[in-house]
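Nothing in this text is a laboratory measurement; each read-out follows from the coordinates by a stated rule. Just so you know, these numbers come straight off a predicted model, no measurement behind them. Using ideal geometry, Cβ is built from the backbone for each residue, glycine included, and neighbour counts are taken over all protein chains shown.
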2 protein chains.
Amino acid sequence: MTSYDRGMTSNRPYHHGDLRRALLATTAEAIREAGPAALSLRDLARRAGVSHAAPAHHFGDKAGLLTAFAVEGYDLLAEELGRAGDDLLEIGVAYVRFAVEHRAHFEVMFRPDLYRPDDPALVAARARSGATLHGGVAAHPAASAPDRDALAAWSIVHGFATLWLAGALPPGVGGDPEATARQVIRRLFE
Amino acid sequence: MTSYDRGMTSNRPYHHGDLRRALLATTAEAIREAGPAALSLRDLARRAGVSHAAPAHHFGDKAGLLTAFAVEGYDLLAEELGRAGDDLLEIGVAYVRFAVEHRAHFEVMFRPDLYRPDDPALVAARARSGATLHGGVAAHPAASAPDRDALAAWSIVHGFATLWLAGALPPGVGGDPEATARQVIRRLFE
DNA sequence: TGGTGGTCTTGTCAATGACAAGTTACGATC
DNA sequence: GATCGTAACTTGTCATTGACAAGACCACCA
């Protein structure tokens, strides 16, 4: 029970302290529970224990909040991809793992109608994670046509992750997305 | 200019005649303009020239409308995939073409949080298009591991289509999604 | 100590989804 | 071709939401 969980008549301080960060965390939680379509600024405010207009102060409007959320997602993705090293297979697996573990971020990132895709911070963050992915492809020994290979690799991991998150895969596909993804990606290298 | 384009004080008949179909068509139009997030039942009603509560009569609620819209999408997809014949490459191209030409349907179909994925009509329609896709993979000569190959093929075309629709691909990727998709899919068969 | 600006609140408005209750007209049956 | 059942559509209403305006609070620094 943190300070911003208290009711409004309590001794909760007027200033939250770190409302912006708290709202982004709560956004992930709310989206995980009911999808991005059901996200409500007022619900976020209630969860954070602040007034209904507090979120707008930090993000302007709903699109502003989701823009910041997408930036956070692209930064996280770049970090995870970088951690995967130079092996293209492992980078692909890391991409799928990111989608599964940070599904809320992933679901917003590729829905540009929900935020402002032209926002400078967003463009920069997207470029960073794009460079990381493309770098992994270029380092791959079998890269005869880097551009096309990068697109094929990105497509297959993105498609798998998307279908997994949408629950569109048949029940036969087992419970471990990473292991299944590894099988599928390997198909590209045979 | 059909009868339901007239204002409410005109001689527009009380009964629309084919409101259900008209609403589904208008749904595609509205989603193409502003994405599924901005879809409004009342806006659909205004476009169709009926009262704000008319859509609910045919579809129950917003999720009901989108369920019917997704069913329509899966039926269309099965039809287009069937038309592509037995060649796996052409089936994949047809999948991408469907996503681009019917982007509104495609964007709803893979967003189960927007509708009722358990609806019997939807389950049936999804099974139909799934069978068509899987059948194409089984007919492919190089299918050594049909399940994994089907998943890889579905992933790569779905991923490409999704990235294309999201505008996530770098500007270098040209203006013709079908031709680009063909290159990418071929990568699976080399 | 006094101000200055960022943080947050209260109040309000138009728009929306959902629901209830009433009205209109189609079509089957006699 | 009159009657009646029922489907199609309307009007009215309510709680919720996003956005905005105006003001209250408070940390920080001169």
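Brief remarks follow.
- Radius of gyration over Kirkwood radius for the protein assembly as shown, both on Cα atoms: the Rg/Rh ratio is 1.00.
- For B:A168, net neighbour charge (Lys/Arg +1, Asp/Glu -1) across residues whose Cβ lies under 11 Å away: +2
- B:D86/B:D147 FRET efficiency (R0 22 Å; Cβ-Cβ; nearest 0.05): 0.75
- For segment A:32-78, pairs of C-alpha atoms spaced more than 14 angstrom apart make up 56 percent of the total.
- Relative to the 2.2 N^0.38 Å rule of thumb, segment B:13-59 has a C-alpha radius of gyration ratio of 1.07.
- Note: relative contact order over segment A:52-190, using C-alpha pairs below 8 Å and six or more positions apart, is 31 percent.
- Gyration tensor (Cα) of segment B:80-139, equivalent ellipsoid semi-axes in angstrom: 22, 15, 7
- Long-range Cα-Cα pairs in chain B (distance over 24 Å), rounded percent: 46
- Degrees separating the helix A:19-34 axis from the principal Cα axis of chain A, which is the longest one: 60
- Only the Cβ atoms of Lys and Arg (+1) and of Asp and Glu (-1) were treated as charged; on that basis the dipole of segment A:20-129 about its Cα centre amounts to roughly 480 debye.
- Only DSSP H runs of four or more residues enter the estimate; each adds -39500 (n - 2.57), and after division by the residues of the protein assembly as shown the mean residue ellipticity at 222 nm equals -20500 deg cm²/dmol.
- Between helix B:88-101 and chain B: long-axis angle, C-alpha atoms, 0 to 90°, nearest 10: 30
- Rotational relation B to A, axis-closest Cβ in chain B, residue and distance rounded to whole Å: B:G159, 1
- Among residues other than A:A124 with Cβ under 15 Å from its Cβ, the summed charge is -2 (Lys and Arg +1, Asp and Glu -1).
- Neighbours of B:R97 by Cβ distance under 13 Å: Lys/Arg scored +1, Asp/Glu scored -1, total -3.
- Interchain or long-range residues, amide H under 5 Å from A:R116's placed H: A:T67
- Estimated FRET transfer efficiency when R0 is 22 angstrom, pair A:D61-B:E33 (beta carbons, to 0.05): 0.65
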